[in-house]
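Remarks on the structure that follows.
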């Protein structure tokens, strides 16, 4: 009897989604054009420490340097510029440069992302919708970035700006539930979370404002404690 065997091709990439603290992983961006600027802006949104190396720089990158938000090296790429950087982004359309960056990163054990070059990538970047501490990421595993970007736009259209405040409330609610020290079981904690999730926080924020909404949060916390006591 013949068995169906699934063989994975070498060209198929499977990337594990993960969130990292970029403050601990300084980044080098190779390139000075629009793609590099887009990468840099995305990294800065997550508090990354960024160095850009390129003999030519866009006005946007120069402006970020003037504001002391990034460090720039106005020279052609050299492997010595990797230095202590933990993540490297090659954002050039020069195949020779990309190849040199790839070889240098492999030798130094540094993770690399190459714009539109999945064969060189150790990691890829998802399309993100950011609402405060709430991050929704979309990825096609590098197969169809245009589709991921379109999906991101659709999600951004339905995810309100107030989601940032609701995420902040949820974090405070969880912190208070975990710090009560009253010996609650996991089932009792889950009931508290369910109460939070069943509340229309967007409406409450819109009608009561942030300060009164936090007062309402206190009432719910008190109510869940009384539910346990009873």
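For residue 111, state whether it is in contact with a helix residue (DSSP H, G or I) (Cβ under 8 Å, 6 or more places away or on another chain), under 23 Å from residue 88 (Cα atoms) and outside the structural domain of residue 221 (by TED's automatic domain parsing).
Yes.
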Which condition breaks for residue 95 when tested against (1) under 27 Å from residue 15 (Cα atoms); (2) loosely packed, with under 14 Cβ neighbours inside 10 Å; (3) modelled with pLDDT of 95 or more? (3)
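Results for (1) at pLDDT 95 or above; (2) outside the structural domain of residue 141 (by TED's automatic domain parsing); (3) under 22 Å from the mean Cα position of the chain (by Cα), shown as yes or no for each residue.
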position	(1), (2), (3)
26	yes, yes, yes
54	yes, yes, no
64	yes, yes, yes
67	yes, yes, no
101	yes, yes, no
117	no, yes, yes
Long-range neighbours under 9 Å by Cβ, at least six apart or interchain, first residue outside the structural domain of residue 38 (by TED's automatic domain parsing) within segment 143-155, second in a helix (DSSP H, G or I): 143/118
Looking only at segment 119-175, which residues are assigned to a helix (DSSP H, G or I) and under 14 Å from the mean Cα position of the chain (by Cα)? 152
Looking at segment 34-47, I want the residues that are assigned by TED's automatic domain parsing to the domain that holds residue 59 and have a partner that is assigned to a helix (DSSP H, G or I) and loosely packed, with under 15 Cβ neighbours inside 10 Å with Cβ atoms under 6 Å, at least 6 apart or on another chain. Which pairs are those? 47/23
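The values are calculated or read from the model by the stated rules, or taken from the named source; none is laboratory data. In this text the structure is predicted, and so the values were computed from the model without any measurement. FYI the Cβ positions are ideal-geometry reconstructions off the backbone, even for glycines, and counts take in every protein chain you see.
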